[in-house]
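We did not get these values from a lab; they are worked out from the coordinates using the rules stated. Given the structure is predicted, the values throughout are model-derived calculations rather than measurements. For neighbour counting, all protein chains shown are included, and Cβ atoms are generated from backbone atoms with ideal geometry for every residue, glycine included.
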Amino acid sequence: MKNIRFYLEKAQKEKFAIGQFNFSDFTQVKAIVASAQNLKSPVILGTSEGESKFFGLEEAVAIRNVLRKKTGLPIFLNLDHGKSFEYVKQAIDAGYDMVHFDGSKLPLEENIKITKEVVKYAKWRGVTVEGEVGRIGTDSSKLYSDKFEIKEEDLTKPEEALRFLNETKANLLAVSIGNFHGIEISGVDPNLRLDVLKAIKDKIGNAFLVLHGGSGTPEDDMKEAIKMGIVKININTELRLAFSGNLRRFLDSNPQEIAPYNFLADAERVVEKVVGLKIKMFGSENKA
Ligand code: 13P
């Protein structure tokens, strides 16, 4: 199997994005991989610190190995928003393919310093590193009833992005361009700041850029962002909503049902459907 770098380069050349789909339960993993398999798409399985503590880092690696072998698909595992060197190191030691160190809430100097340590540790183990500059708001369990306000000062500054990449040598960079984790209650988030993405791109050239907070982001904006150089898009909230909403409805209307293989099967199908829509939207169908 080719490594993640091969697929990121392919995505950049052929202008598609690889979806990172987060999970904390095996039913979600099955749904994500089934969808990728149907559409012959490379796929990244993502776990935040919380998700991986619930699932287990080594358990996630073992499941990735089994599913890779079974499907022959390029399936990669990423630690999403690792907050400390120690936890990122644990994910690398467990066998993750990629790690995201999120030092975006730290002063830039400190963010650069820790990301550099992560890159040093990851490099010799063949692990790809994603860094983050600029502040991407909130978290993936939230539904916002009000308009989500993006502060200008939280957007990624092109010169900081360039300095960060030059000094840390991180392989990918997550940017703040009007995106945020979670989703507005209307189901559609405000437009991306494609002007900011263009300014970043003009400054940094061909580095791999990542869009977090993909749930609810307007489709046309995502497609445009991919054309402009986004090669990885993270999705979580929409999968959580599909999974939990379906389970809730199913159990409410079938109060006698207690067999997990019955009540989870329906939720699995719904997650698979959402993942399939995103894979098609990101253009990664038939790119495995
Ligand atoms: P959403 O929850 O908005 O899809 O964002 C997911 C994400 O960016 C994970 O890092």
Handout entry: Amide H within-cut-off set for residue 144, under 5 Å, with H built and near neighbours excluded
Key = 183, 184, 185
Practice task
Compute the FRET efficiency between residue 85 and residue 1 as 1/(1 + (r/R0)^6), taking r as their Cβ-Cβ distance and R0 = 45 Å, and round to the nearest 0.05.
Solution key: 0.95
Handout entry: Bins of 5 Å from zero: percent of alpha-carbon pairs in region 160-233
Key = 3, 17, 30, 23, 15, 8, 4, 1, 0
Practice task
About the Cα centre of the chain, how large is the charge dipole given +1 on each Lys and Arg Cβ and -1 on each Asp and Glu Cβ? Please answer in debye to the nearest 20.
Solution key: 1160 debye
Practice task
Note down the nm distance, to one decimal, between modelled labels 7 Å out along Cα→Cβ at residue 185 and at residue 159.
Solution key: 4.2 nm
Practice task
Using +1 at the Cβ of each Lys and Arg and -1 at the Cβ of each Asp and Glu in region 213-288, identify which of 213, 230, 279 lies farthest towards the dipole's positive end.
Solution key: 230
Fill in the blank from the handout: Most exposed first, judged by fewest Cβ atoms within 10 angstrom, 244, 24 run 244, 24
Practice task
Only Lys, Arg, Asp and Glu count, each charged at its Cβ (+1, +1, -1, -1), so figure out the dipole size of region 11-53 about its Cα centre, rounded to 20 debye.
Solution key: 220 debye
Exercise for the section: Report the calculated FRET efficiency for residue 117 and residue 206 (r = Cβ-Cβ distance, R0 = 30 Å), to the nearest 0.05. Expected result: 0.75
Exercise for the section: Going by C-beta contacts inside 10 Å, put 79, 73, 8 in order with the fewest on the left. Expected result: 73, 8, 79
Practice task
Return, ordered by residue number, the residues of region 108-131 whose backbone nitrogen is under 12 Å from a label point located 7 Å along Cα→Cβ of residue 169.
Solution key: 116-125
Exercise for the section: Tell me which residues come under 5 Å, amide H to amide H, from residue 19 once H is placed; ignore anything under 5 positions away on its chain. Expected result: 44, 233
Problem - Alpha-carbon centroids, region 116-130 and region 189-234: separation in whole Å - result: 24 Å
Fill in the blank from the handout: Ranking 166, 1, 12 by how far each Cα lies towards the positive end of the charge dipole of the chain (+1 on Lys and Arg Cβ, -1 on Asp and Glu Cβ), the top one is 1
Exercise for the section: Rounded to the nearest 500, what is the 222 nm mean residue ellipticity of the chain from helices alone, with -39500 (n - 2.57) per DSSP H run of 4+ residues and division by all residues? Expected result: -16000 deg cm²/dmol
Fill in the blank from the handout: Whole-Å distance linking the alpha carbon centroid of region 68-87 with that of region 1-39 is 11 Å
Problem - Orientation-averaged projected area, Cα convex hull of the chain (nm²) - result: 14.2 nm²
Handout entry: Pairs of Cα atoms farther than 19 Å apart, region 139-288, %
Key = 59 percent
Practice task
With a ≥ b ≥ c taken as the square roots of the eigenvalues of the C-alpha gyration tensor of region 70-173, please select rounded if a/c is under 1.5 and otherwise prolate if a/b is larger than b/c or oblate if it is not?
Solution key: oblate
Handout entry: Which of 87, 66, 98, positive extreme of dipole for region 57-127 (C-beta unit charges)
Key = 66
